Amino acid sequence: MAFDQASDVPDEALLVLYANGDSAAARELASRHLPRVMGFAARMLGGDRAEAEDVAQEAMLRLWRIAPEWRQGEAKVSTWLYRVVTNLCTDRLRGQKRRRAVGLDDAPDVEDGARSVEASLVENDRINALHAALETLPDRQRQAVVLRHIEGLTNPEIAEVMEIGIEAVESLTARGKRSLTAAMAGRRAELGYEEGS
Amino acid sequence: MTNSDLDDLFAAVRQQPVAVSDDLMARVLQDAQAEQPVAVGLARPKRRQGFWTGLFAALGGAGGLAGLSTAAIAGVWFGFAQPTALTTVTDSIWQTEVAVETVDILPGFDDYLSEG
């Protein structure tokens, strides 16, 4: 498979190609999904990068293993990966005795854009504050909020990932968002939000 | 902090994907290579059947060969042991004491062959 054509190939077709021995298909699948998987795992695990990398690697490993038996048309590869990451993170979070607070160093590394230094610093502060606030949410609420508002999944997709009903998803995201607003309200001035906004 | 601020913040996070280290990508691709099924290529050419394999099959496989071996061993045993019952039978058919000197194949023709 020519690599310049790979971007047009659907995920499911890439899985078939991979299962038939095409190594370029694995590279394309990894470049498409690994950043998303890594980002989601990092946000779920409170910015623990090493642990998020382990989860991301494990999730991709499960994808490689299931590739030959992948049932076409049943689930999107991205949705399936989100579900695997959700389950892996839930297991790890359950195993943790106490959750670490998110500091600047623990927040997921973000790629630098071409913004001014000051704007970037303000935005990074806000993003770190958001991560810290996300950490205060119960696990299920955090999963639902991240999937909905950061990963951009639809409610039916989140319902599939979390294996719950759509109404439960709506309830979790609404409660999560309210809790986030409340958690960040006390830091408005610190984060550069104007009075009354 | 309003809902709108929060939405803007979510959008900012969305636009800044988490960087994937080269090491992680390498590990993932290594896994992919290790787990990749072997490509289904051409079927392995059928091995040419050898003489002994053919003979074995012609004799009916293991069962046929066992029967044949048993029969052969029984034959050899009969040859060596010469059971009494068999000797009696063979003696009655082939009496060694009787000496056959001449065999008159067509005795009725003697009259025609005599001169005179």
For a Förster distance of 25 Å, can you work out the FRET efficiency between the beta-carbons of residue B:66 and residue B:87, rounded to the nearest 0.05? 0.25
Sort A:184, A:44 by Cβ crowding within 10 Å, fewest neighbours at the top. A:184, A:44
Across the residues of B:2-10, average count of Cβ atoms on other protein chains within 10 Å? 6
Quick check: from the Cα gyration tensor, does segment A:115-197 come out rounded (a/c under 1.5), prolate or oblate? prolate
Give me the net charge of residue A:158's neighbourhood, meaning all other residues with Cβ under 15 Å from the Cβ of residue A:158; Lys, Arg count +1, Asp, Glu -1. +2
Mind listing the long-range amide H neighbours of residue B:18? Cut-off is under 5 Å, sequence gap 5 or more, other chains count too, H placed in the peptide plane at 1.01 Å from N. A:39
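Please give the average number of partner chain Cβ atoms lying within 10 Å of the Cβ of each residue in A:19-27, rounded to a whole number.
4
Read-outs throughout are calculated quantities, based only on the coordinates presented, and are distinct from any laboratory measurement. What you see is a predicted model; the values in this text were computed from it and never measured. FYI the Cβ positions are ideal-geometry reconstructions off the backbone, even for glycines, and counts take in every protein chain you see.
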